[in-house]
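Comments concern the structure below.
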Amino acid sequence: MVTLKHCSFFFLPIGLLILVTSFIHPFSSESPRQLIKANYLADLARLDSSVTLLQNAIQKQQSAPLIQAAFRRSRLAYKRVEFLTEFYFSGSAKALNGPALPEGEVDDGVGIVLEPTGFQVIEEMIFPLDVSQRTARLNYVRGIKSTISQLQRVAGYNEMTDGQVFDAMRLELFRLITLSITGFDSPVALHSLPEAIAALESLDRTIQVYPIAAKDAALAQNLHQSLARAIQALRGKRFNQFDRLTFIRQHAYPISRMLLDAQQLLGYPLATDKRMLRQSARTLSDTNAFDPAFFQPYGLPQSTPGRIELGKILFFNPVLSENGQRTCASCHQPDRAFTDGESSPMALRSKKRIGRNTPTLFNVAFQSFQFMDSRSFSLEDQLIDVIHNSDEMGGSIAKAVETLKRDSTYQRQFTNAYADGLTELNLKNALTAYVRSLVSLNARPDRYLRGESVTLTAQEKAGFNVFMGKGKCATCHFFPLFNGTIPPAYVKTESEVLGTPATLAERQLDSDEGRYRTTKINIHQKAFKTPTVRKVALTAPYMHNGVYKNLDQVVEFYNKGGGVGLGIKLENQTLPPDKLNLTPTEKQALVAFMKAL
């Protein structure tokens, strides 16, 4: 098989290569897809050349500034190919630019640890430069070059569609908003804003390939100028001072809307695969951008207004508990955003407390795991666990069904909602339909970002920017769900090791093993699912053990660098232990923004 490395343009000097690629499309008779593929292959070659220069700089033991500059150039080159690499070759994208943290997975009951690779791992070795890790750096660079080589082999045979290219561009824009400008994928070098420029320039060049102007000259001009303004808004800005709120509202969201308009104008169909983030979403802040049924197990009845209403009635019925005195709402109280205001709830049969804080039910549909230790893969599994848990409900779904069958009102309601009436499956389905309906994605910040006539205070605006930037909150509580479900695919919910203390004295680590209790994977020791911070003003106390009574205490914990920052020994903490150095004004603004959610 002939590989792409045999193509002569792969050996062109970088300057000449840029000149060649800039003239690929203006007068070509090739289709847009062919031109885009040619550009992609040329950009892969440029990436390979940039990484080679980085490799040479490390091998020759050049100075730290020279190695760091070579690294930045390589990252910029990667950002030019990111949107298509992420879309078509997600495994390669992860190998090139995945988080610099190991991942633990359970396969057939066996715990497996996947070690990180790629640019982010190298970044931690050269900012600052650690001379003792030269060999390790070279090994990681070789791994990057190997991945690029594999991409070059397969990309030439990959079939694209125009609809997919537009899909990839919009997803890249959403990736830029949620991961790039927040510092998620450049957490140490904080080279995020220049890299966002490279990504937008790549999108602009791709858009120019399409005959948008032939059908709507105003749209084509608007789109191109909007991208130019977005790039200018990023240029020369410092990471901690960048106004992300204005950038998203005035630049990124108008571009995402126009990309969808252009796709529809050209007649390229939207993707039809099932996704959390709906393909029709014009922005991430649209009220219906996310599908609450995405994580519902396949084949189960879909939600209807009648099933949701029936589930709501059951939610407040004590028939599900052993003693007929506890309901779902006993711990998930609507006026407290479906929490209970306690550090942890009381057990059913005794005066002891159950070990963990009651989480909000708002937006739980947007998580791939349930429970703080992520032990359930669906709301259905979580429901069974809670109802049958002797400390929580101590009940039985089967017994509840038999009891409800003696109630003619319930019989009629189930018959109206389900063809087969009252069954165990339908009882669970009605309850989970109600819980999935508890969606909160339309707070003032959402409406403001959509451009509606609502106001945010200057303090709330500043708090959004701290959350999305200097405070690094959005690198775990991802925009706009503000939970741990990773954008822009939103298919996996992260757990983090924070080093939460046992008491307010902050001297000793809490004893709860977290996710390790289920997986027995060492890196999951003390790991807990990242919850949403929406409705957070109503859900005190905070953390899995309810140790912090207010948001000021929570912010201070993160500002100090979590448990390790407090001086607690914890080798596998995933939260960076570095102090954030937030000012009192920034802390107050951060709290004000979270309360606005």
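None of the figures in this text is laboratory data; all of them are computed from the coordinates on show. Note that the coordinates shown come from a computational prediction; the quantities given were computed from them, not determined experimentally. So basically every Cβ, Gly included, is an ideal-geometry build from the backbone, and we count neighbours across all protein chains shown.
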Per the rule of 0.36 nm per residue minus the C-alpha distance, extending N522 to R278 adds in nm 84.3 nm
So for R0 = 22 Å, FRET eff. of K215-N288 from the Cβ-Cβ r, to 0.05, ends up at 0.20
Here the gain from full extension of S146 to R444, 0.36 nm per residue of separation minus their alpha-carbon distance, amounts to 102.6 nm
Dividing the helical contributions, -39500 (n - 2.57) per DSSP H run of n ≥ 4, by the residues of the chain yields a 222 nm value, nearest 500 deg cm²/dmol, of -14000 deg cm²/dmol
Rounded to the nearest 10 degrees, the helix 32-59 long axis (Cα) sits at an angle to the longest Cα principal axis of the chain of 80
Rounded to the nearest 5, the percent of antiparallel DSSP beta bridges in the chain equals 95
Amide H neighbours of S376 at under 5 Å, excluding residues fewer than 5 places away on the same chain, with H built from the backbone geometry, are Q370
tail above 16 Å in the computed P(r) of region 85-197, as % of all Cα-Cα pairs, reads 68
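May I ask you to give the average projected area over all directions of the convex hull of the Cα atoms of region 358-508, in nm² rounded to one decimal?
Averaged projected area of region 358-508's Cα convex hull equals 13.7 nm².
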With region 447-555 reduced to its Cα atoms and the Debye formula applied, log10 I(q)/I(0) at q = 0.15, 0.18 1/Å amounts to -0.77, -1.05
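Using a cut-off of 15 Å between beta-carbons, work out the net charge of the residues near F294 (Lys and Arg +1, Asp and Glu -1, F294 not included).
That works out to +2.
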Working note, region 358-436: Cα radius of gyration (Å, one decimal) and Dmax (Å, whole number) are 13.7, 40
Taking alpha-carbon centroids only, region 225-298 lies from region 318-364 a number of Å equal to 37
quick note, region 455-596, DSSP beta bridge pairs, % antiparallel (nearest 5) is 90
Computed over the chain, the relative contact order (Cα-Cα under 8 Å, seq sep at least six) in percent reads 13
For A337, the net charge from surrounding residues (Cβ-Cβ under 13 Å; K, R +1; D, E -1) works out to +2
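Between the DSSP loop rule and a limit of at most 11 other Cβ atoms within 10 Å, which chymotrypsin sites (Phe, Trp or Tyr not before Pro) in region 112-164 are left?
Y157
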Quick calc: nm separation of the 7 Å Cα→Cβ label points for T457 and V131 -> 5.3
Cα-Cα pairs in region 240-332 separated by more than 17 Å, as a whole percent of all pairs, come to 71
Here FRET efficiency (C-beta to C-beta, Q232 to E115, R₀ 41 Å, nearest 0.05) is 0.55
Rounded to the nearest Å, the spacing of the alpha-carbon centers of region 541-597 and region 448-484 is 17
Expected sort for H524, H191 with the fewest Cβ neighbours (10 Å cutoff) up front is H191, H524
Between the alpha carbon centres of region 390-414 and region 145-189 the gap in Å comes to 50
Binned at 5 Å from zero, the C-alpha pair distances of region 161-272 give percents of 2, 12, 24, 24, 17, 11, 7, 3, 0
FRET efficiency (D385, D578; Cβ distance; R0 41 Å; to 0.05) is 0.65
By the Kirkwood definition, with r running over pairs of different Cα atoms, region 223-265 has a hydrodynamic radius in Å of 11.0
Each label sits 7 Å from Cα toward the beta-carbon; between A502 and Q164 the label points are separated, in nm, by 5.5
For region 161-272, the dipole about the Cα centre with charges only on Cβ (Lys and Arg +1, Asp and Glu -1), to the nearest 20 debye, works out at 360
Scoring only Lys, Arg, Asp and Glu (+1, +1, -1, -1) among other residues with Cβ under 10 Å from the Cβ of F371 yields +1
Region 305-436: Kirkwood hydrodynamic radius (Cα pairs, Å) comes out at 15.1
For the chain the translational diffusion coefficient, Stokes-Einstein from a Kirkwood Rh over Cα pairs at 25 °C and viscosity 0.890 mPa s, in µm²/s, is roughly 94
Candidate cut points under trypsin sites (Lys or Arg not before Pro) in region 270-333, DSSP loop plus at most 12 other Cβ atoms within 10 Å of their own Cβ, are K274
